[in-house]
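Beneath this line is the structure, given in structure tokens, with notes to follow.
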């Protein structure tokens, strides 16, 4: 009798109970091997349609995250949810939503499409088209990503290293994230999201492309860099100060 992997059993149980399956993830290599072996798997890509049209895993179905709950979901069987690799919390929420439907056992793809493409697995991107542009994150998006428990490494490319005066740094702006001064050291960690922060001069974009070429799968840039940190950080400080003054 063929034994199912524990992850598959757990995913099926999650589907029956209506629980999230976000913690049950399949790696790109495992998914590739299963697809090559002819296993019946529906890859659901939850990225925006524009990104999906640029490139996706061959045979994937595009169901963008914002409209997923409004769609009628057929009994797909085993499903692997593919996100952008930047917001794993959205991918896990999508898997949980799919698992509420009968006949669906949803898992997530570790590292999302970014990890799949970085390894060199087949995509629909035309030859010579190059990789997609580096993802730009807003200050609020990055805060949500860190708050969701995603392992984030802030790569500080700013000339001064610290902004907003004495004692204020990126670690204070984004509690829970690690900070590396300059280029991160050691081998790339596929579980880590590397977010580059520059002085607002756009240098992080070129640095992000170099990191990708060096094998870093999940790379993004804080849009506006230091200027964004100054603007949003000061706003947060002023809000907290005002709250403390009016608090009875």
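The values are calculated or read from the model by the stated rules, or taken from the named source; none is laboratory data. What you are looking at is a predicted structure, and each value in this text was computed from that prediction instead of being measured. Here the Cβ is made from the backbone with ideal geometry for all residues, glycine too, and neighbour counts use every protein chain on show.
Looking at this structure, is residue 89 surrounded by fewer than 19 Cβ atoms within 10 Å (Cβ to Cβ) and under 10 Å from the mean Cα position of the chain (by Cα)?
Values: surrounded by fewer than 19 Cβ atoms within 10 Å (Cβ to Cβ): yes; under 10 Å from the mean Cα position of the chain (by Cα): yes.
When the stated conditions are applied, residue 89 passes them.
If you scan region 188-199, which residues turn out to be assigned to a loop (DSSP other than H, G, I, E, B) and at pLDDT 85 or above?
188, 189, 192, 198, 199
Restricting region 166-198 to residues that are under 16 Å from residue 118 (Cβ atoms) and surrounded by fewer than 16 Cβ atoms within 10 Å (Cβ to Cβ), which is farthest from the chain's Cα centre (by Cα)?
Top of the filtered list is 187.
How many residues, within region 64-83, are crowded, with 22+ Cβ neighbours inside 10 Å and either assigned to a loop (DSSP other than H, G, I, E, B) or more than 18 Å from the chain's Cα centre (by Cα) (or both)?
Here the count works out to 2.
Can you say whether residue 158 is more than 22 Å from the chain's Cα centre (by Cα) and at pLDDT 80 or above, as far as the supplied structure shows?
Working: more than 22 Å from the chain's Cα centre (by Cα): yes; at pLDDT 80 or above: yes.
When the stated conditions are applied, residue 158 passes them.
Which of the residues belonging to region 24-63 are under 16 Å from the mean Cα position of the chain (by Cα) and not in a helix (DSSP H, G or I)?
24, 25, 26, 27, 44, 45, 46, 47, 48, 56
Going by the conditions given, is residue 86 touching a strand residue (DSSP E or B) at 6+ places or on another chain (Cβ under 6 Å) and under 21 Å from residue 137 (Cβ atoms)?
For residue 86, the condition - touching a strand residue (DSSP E or B) at 6+ places or on another chain (Cβ under 6 Å) and under 21 Å from residue 137 (Cβ atoms) - is met.
Suppose we filter 206, 148 for residues that are under 18 Å from the mean Cα position of the chain (by Cα) and either surrounded by 12 or more Cβ atoms within 10 Å (Cβ to Cβ) or at pLDDT 85 or above (or both); which single one remains?
Answer to the selection: 148.
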